[in-house]
């Protein structure tokens, strides 16, 4: 065979899974649902390639008698890849499930899918490159009719299998039919009882509102400190928080529109972004244009925010994933730095 097609296609679909999965993870807007759709199609395409790869590995085991260590490593890697795909397919078709590891991690199925996949990624890439020979292929390879037809055929097959899976989920009535475009499942609605979660190592702080203040600094005409009593909670907004752990919840939030705060301090014409920083040091940066639609919430479901949900003040950022909804907001900084000047996923 002129080219090791199984490895080439394996790399191509893994790349598609990585790119679409990452953007699907950080995107909470329905306008960007194409990322998750692409991730699902690529997942079915990858499954087809893996079945092909299993046949190749089994043939090699029967004919070449490779070293025991190589044989074992290949089989374990393939098994883990199928487990990773199975976790994703199970979550999107059967419904939500959780698994507590012996070390105490109680993650959802989609979280295990993400983390195991991320750990396997460099190993799979190394393996594929090792047995692909000359890679990357010359540009002429990628414009060959045969190359295009192979990629296109598997992509169409992935699309077809995805649609069959979606139809089967609806016909059988499995829980997967009720998931949001992000793959998340509903957890409570308009009652304030949604899960209290934190990102990585953040710890809920205990804040005394009598001494607490919201500091607004940076490229503004007036740097101001707002006490808790200054933040009149007179504006309501219905918004859906969608957690990367696999759940979402629509709630009614009450607080102060960020646009009102920005107008009061007077934003410089050359300012570009706004940074919300938590009492814990956690922060996220947004463009000024999108941030004007945000809310600084003091209440949820007509009740004061619990500590676990960000008391005394949390950011409500519609069409953003849950990790962007900064809790325990203590300061707002307006500056001229670009929006991308931050880790795409928080590091704390």
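Between residue 342 and residue 145, what is the FRET efficiency for a Förster distance of 45 Å, r being their Cβ-Cβ separation, to the nearest 0.05? Once the sixth-power term is evaluated, E becomes 0.55.
Out of all Cα-Cα pairs in the chain, roughly what percent, to the nearest whole number, are more than 38 Å apart?
Value for the chain: 31 percent of Cα pairs lie more than 38 Å apart.
The Cα atoms of the stretch 157-263 cover 59, 30, 29 Å along the three principal axes, with the biggest extent listed first.
Rg/Rh for the stretch 261-348 to two decimals, with Rh computed the Kirkwood way over all alpha-carbon pairs. Mind dumping the intermediate values first?
Details: Rg = 12.9 Å, Rh = 13.5 Å.
So for the stretch 261-348, dividing Rg by the Kirkwood Rh gives 0.96.
If you plug the beta carbon distance of residue 210 and residue 118 into 1/(1 + (r/R0)^6) with R0 = 56 Å, you get a FRET efficiency near 0.80. Full extension of the chain between residue 156 and residue 233 yields a length gain of 22.6 nm, computed as 0.36 nm times the residue separation minus the alpha carbon distance. Put a dot 7 Å past the Cα of residue 170, heading toward its Cβ, do the same for residue 5, and the two dots end up 3.3 nm apart.
Can you tell me the FRET efficiency between residue 100 and residue 15 if r is taken as the Cβ-Cβ distance and R0 is 45 Å, rounded to the nearest 0.05? E between residue 100 and residue 15, to the nearest 0.05, is 0.90. Subtracting the Cα-Cα distance of residue 79 and residue 22 from their residue separation scaled by 0.36 nm leaves 18.2 nm. When every Cα-Cα distance of the stretch 186-335 is counted in 10 angstrom steps from zero, the calculated P(r) takes the values 12, 45, 35, 8, 0 percent.
The distance between label points at residue 125 and residue 260 comes to 4.8 nm (points 7 Å beyond Cα on the Cα→Cβ vector).
Laboratory data are not the source of any read-out in this text; all were calculated from the coordinates shown. Note that the structure is predicted; figures quoted are calculated from it, not measured. Neighbour counts are summed over all protein chains in view; Cβ atoms, including those assigned to glycine, are modelled from backbone coordinates with ideal geometry.
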